[in-house]
Amino acid sequence: MAYSPSEIKVKRTILSQVFPFRGLSLRSVKRIVVVILACIVLAFLVLWRPMYLQLRSLQKEKIYWQNVKAGSANNKEDTKVSTIPTMDQFPDMIDQCRGAFVKEGVAVYALNVERFGERREVGNGGSLDYGLVRLRLHGQWKDIVRALKAVEEMRLFSIHVQEVLLEVEGGEVLLQIYFCTGV
């Protein structure tokens, strides 16, 4: 099939409308592709490092909690908890928290166990649960802060401060106390 010269011009104009970069050479296309690939590699390296560091820290935390669940404390790292107390030691843990506040000169005038954490795994082994304890305090702020630091640094128990609401002459503190249930 033979094309007339008028049909050939029409096809060329259609191609020039679809691909307007007729002046690009193969060398300039290669440069553009190399620059785009370099940008992709650079972005990958910049974004990959923080994610890798976060992944490593999560893996270390997973290993730590597996060791805690198995009952073996890692002696290389400074661990807060060597053994997890059981639920029947929970009232004693609360009393020791209250004692830390009293020792710093802060009066604990109300104590309320708000709720217990739900068991995530049901099985033959023990599981890590927690109780939320709200303390209503009367004292100076600096004494309350000092007592909170003392409570968090207790080596025998794993206690975390969840919420602190300070008022003019005291405030409220919500503590999360971890304990072990089951075998």
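FYI, it's all coordinate maths here, none of it is from the lab. Everything quoted here is computed from the prediction, not taken from an experiment. FYI the Cβ positions are ideal-geometry reconstructions off the backbone, even for glycines, and counts take in every protein chain you see.
Suppose R0 equals 22 Å. What FRET efficiency, 1/(1 + (r/R0)^6) with r the Cβ-Cβ distance, do LEU132 and TYR109 give to the nearest 0.05? About 0.75, to the nearest 0.05.
Listed peptides 92-103, 28-39 appear in the order 92-103, 28-39 once ranked by packing, highest mean of other Cβ atoms within 10 Å at the front.
What ranking do GLU104, GLU172 get, fewest neighbouring Cβ atoms within 10 angstrom at the top?
Lowest count first: GLU172, GLU104.
Per-peptide packing, taken as the mean over residues of other Cβ atoms within 10 Å, places 162-171, 146-155, 46-55 in the sequence 146-155, 162-171, 46-55 from highest down.
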